[in-house]
Amino acid sequence: MSTAVTVALDAMGSDRGPEAIVAGARDAVGRGDLRIMLCGDSAVLDPLVRNDPEIEVVHVTAASNAVGRI
C-alpha cells in the first residue's frame, strides 16, 4: 500500500513563471513519497517536466474545469 500524498498545484499562477513552480515541485518530490499534479497549459508545462515520473501535468485553460480530474 502506497503512502504517497498527491498535491495539485496551479503551475501558471506564479509571479516568477511556471519554471519556479516546476523547480519547487522537483524539490518536493525529491524529499519524500509525494506526487505532484501541475495544473496549467500543457504546451508550456510538458517540456519542463519531462523525465519526472512523480510530476503529472493536467491541462487546464482559463475556461476549463479540472475538478473531475483532480
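The values are calculated or read from the model by the stated rules, or taken from the named source; none is laboratory data. The structure presented is a predicted model; accordingly, all values stated were derived computationally and were not measured. Methodologically, a virtual Cβ is constructed for each residue, glycine included, from the backbone with ideal geometry; neighbour enumeration extends over all protein chains shown.
Values for this structure:
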quantity: From the options ALA8, ALA28, ALA20, residue that is among the aliphatic types (A, V, I, L, M) and over 17 Å from GLU56 (Cβ atoms); calculated: ALA20
quantity: When residues of the range 48-61 are limited to those that are more than 19 Å from ASP27 (Cβ to Cβ) and surrounded by fewer than 17 Cβ atoms within 10 Å (Cβ to Cβ), the one modelled with the highest pLDDT; calculated: HIS59
